[in-house]
Amino acid sequence: MQRSVFVTHEDQTTCGAVERMVALGIANLTGPLLYDGTSDLPPGAVLVVSSATQELPARAVRGMDVTTIALVVDHATGCRAMRDGADHYLLDTDVGGPALEAVMIAVDRAYRARNPVFSAAHYDNLRCVGGESFRWLIRHSAAVVNRRKEIGYLILVKLEPDTPTPPAILAGPACGRICETTRTADIVSWLGEEWFGILVATGLSLEGAHGLIHRLDQAFGRPLDVEGAAVGVRYNLGLTTYGNEGETSAAVLGRAISAVEQSEWAGGRYDEEKAE
């Protein structure tokens, strides 16, 4: 199903951002259409609020299954927009970079996770995000969970193949195994070398995060298919939380790395929640 993109102002930055959103093809979008500020938007619509707009349209923010993305001049304005009801924010200066793609992946996966057609039994085996986008999403998601007074979870995986295998060749099968094990709304990334990250979709409980850890534990107990060869892996899994005000992606990943390094090979796990 195509989703319509509406804009509050047809300035160059806003229309350029929407054109790139549509061209990426991630969330099956069409547009832009100019929003009049008074009518209800259709379910599934995406509203892009121009930085030239003084405040978020209240009717649109309260709309059924409408995603609001605020274009802003700085992070402080973005945080205020999210407090006022925006789902995401994006700096005007970032619309041409990886941040826009990262936001669109989050928009798409959140929508599909809410859609009754999808459930925890349906997985996305195709899309992992790059490390730069993943780091941006950690920081962005931290602002979201902080605003909602929730706790976010990040899982870090370290793999060591039994057979010498270049990391770039191992990355594809490993990401595929993680994607088929986690949920559609969880975001997966190869961070380079032997490291893989899973940004757990917001709203999951600690017990749910432990459930994902258990499924990953089982998944990596089976060899990976690497260019037709069965390659077993030793693995470490680490779980950490995020969502403190002003938290950086480097700080979150640093805690996750510490969790992994305190676990043991061959499926050992270290959970900082239990350690505390």
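The values are calculated or read from the model by the stated rules, or taken from the named source; none is laboratory data. Quick caveat, the model's predicted, so the values are computed rather than measured. All Cβ positions, even for glycine, are placed from backbone atoms using ideal geometry, and neighbour counts span all protein chains on display. Areas reflect the complete protein model, heavy atoms only, side chains present, ligands, DNA and RNA absent. Shrake-Rupley method; radii C 1.70, N 1.55, O 1.52, S 1.80 Å.
Quick notes on this structure:
- In region 214-225, the residues that are on the phi < 0 side of the Ramachandran plot reach residues that are polar (S, T, N, Q) and at pLDDT below 90 with C-beta atoms within less than 7 angstrom, at least six apart or across chains, in these pairs: R215/T181; L216/T181; A219/T181.
- Selection status of A121, within 18 Å of the chain's Cα centre (by Cα), at pLDDT below 85, open to solvent by 40 Å² or more (accessible area, probe 1.4 Å) and closer than 30 Å to D225 by Cα: no
- Note on region 136-202: enclosed strands (runs of 3 or more DSSP E) holding 3 or more residues that are of a type in the set (A, V, I, L, M) are 152-161, 187-192.
- Hits in region 14-30 - residues which are open to solvent by less than 40 Å² (accessible area, probe 1.4 Å) and at pLDDT below 90: I26, A27
- Any hit, region 222-233, residues being modelled with pLDDT of 90 or more, open to solvent by less than 60 Å² (accessible area, probe 1.4 Å), over 22 Å from the mean Cα position of the chain (by Cα) and closer than 14 Å to E180 by Cα: yes
- Search result, residues across region 155-186 that are among the charged types (D, E, K, R), open to solvent by 20 Å² or more (accessible area, probe 1.4 Å) and under 22 Å from the mean Cα position of the chain (by Cα): K158, R177, E180, R183
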